[in-house]
1. Filter the range 14-35 for residues that are open to solvent by 60 Å² or more (accessible area, probe 1.4 Å) and at pLDDT 75 or above and give the result.
2. For the range 42-59, does any single residue satisfy the condition of being on the phi > 0 side of the Ramachandran plot and under 11 Å from the mean Cα position of the chain (by Cα)?
3. Show the residue pairs that are 6+ apart or on different chains and have beta-carbon atoms under 9 Å apart, the first residue being within the range 63-74 and within 11 Å of Val42 (Cα to Cα), the second being of a type in the set (Lys, Arg) and in a strand (DSSP E or B).
4. Quick one: Ser72 ticks every box in (1) open to solvent by 40 Å² or more (accessible area, probe 1.4 Å); (2) touching a strand residue (DSSP E or B) at 6+ places or on another chain (Cβ under 6 Å); (3) modelled with pLDDT of 95 or more except a single one, so which number is it?
Amino acid sequence: MNIENNDANIRHITPEALAALGGGALVYIKPVEVDGKQVVAVHGADGSPLALVANRELAFAAAVQYEMQPLSVH
């Protein structure tokens, strides 16, 4: 396996291939403002919105409960 070629390939990954990483089990957690209130958004790897919750801890707990791997986005 040539590591240099793999590194070059990952730098040119398509959005579709990036979304497929993790087999749909990755979710992204980020703080957002909705109607003047700070909440936390949960998005699928493809960018689709999945949920709005009150805080980061709840977002991570919900992701784990549904057998997903949460990742923070700032």
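The values are calculated or read from the model by the stated rules, or taken from the named source; none is laboratory data. Here the structure is a predicted model, which is why all the values come from computation and not from measurement. Here Cβ is always computed from backbone atoms with ideal geometry, including for glycine, and neighbour counts include all displayed protein chains. Note: accessible area is taken over every heavy atom of the protein model, side chains too, but ligands, DNA and RNA are not part of it. Shrake-Rupley method; radii C 1.70, N 1.55, O 1.52, S 1.80 Å.
1. Here is the first cut: in the range 14-35, the ones open to solvent by 60 Å² or more (accessible area, probe 1.4 Å) are 14-16, 18, 20-21, 23, 28, 30-31, 33, 35.
Residues satisfying the conditions are Thr14, Tyr28, Lys30, Pro31, Glu33, Asp35.
2. Yes, that holds for at least one residue.
3. Ser72/Lys30; Val73/Lys30
4. (3)
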